[in-house]
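Read through the structure below, which is laid out as structure tokens, and then see the notes.
Just so it is clear, none of the values below were taken in a lab; they were calculated from the coordinates. Values in this document were obtained by computation on a predicted structure and should not be read as measured data. Reconstructed Cβ throughout: ideal geometry from the backbone, glycine too, with neighbour counts over all protein chains shown.
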Amino acid sequence: MSVLGSIVSTIFSNGPAGTQAPPSAGTAAPHAGPPSPSAGSASSGSPSSHVDVEAVLTKLASQNKEKLDWRRSIVDLMKLLKLDSSLAARKELAKELHYTGDTNNSAAMNVWLHKQVMIKLAENGGRVPEDLKH
């Protein structure tokens, strides 16, 4: 699974019961129409098909002994999700998200990655506050 796919999958699997990450999250597979694995969801789909990303991450942070600044740090976000947050993993994520900057400037890359991950979470059905996408 891609790094982005792992991030999306982990967040969505920690959302409300019955909510699943869309199968195309973080992959190159085409996304046509609503995801089919949502069988059993309410017919309206709206409330149960969207994960409140902020609420999920806040809950995970409250259960974590380490104080992680997931709202601003891609490294802390990945640590919170128990994913590899090494420079190599972040460079792989940058490649997946088509980062065109210098990957040796990790500070600039990390800021860009955090913003892009929040945008991708929103694009894949997550509810992400506007301040986390900027």
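Lys and Arg at +1, Asp and Glu at -1: add these up for the other residues within a Cβ distance under 14 Å of Ser73 and post the number. Show your work: numbers first, answer last.
Details: positive: Lys67, Arg71, Arg72, Lys79, Arg90, Lys115; negative: Glu66, Asp69, Asp76.
It works out to a net charge of +3.
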**Computed FRET value (nearest 0.05) for Lys133 with Ala88, which takes r as the C-beta separation and R₀ as 30 Å** = 0.70
**Request:** Enumerate the calculated ³J(HN,Hα) couplings along the stretch 59-67 in order (Karplus 6.51 cos²θ - 1.76 cosθ + 1.60, θ = phi - 60°), each rounded to whole Hz, writing x wherever the residue is Gly or Pro.
**Result:** 5, 4, 5, 5, 8, 9, 6, 7, 7
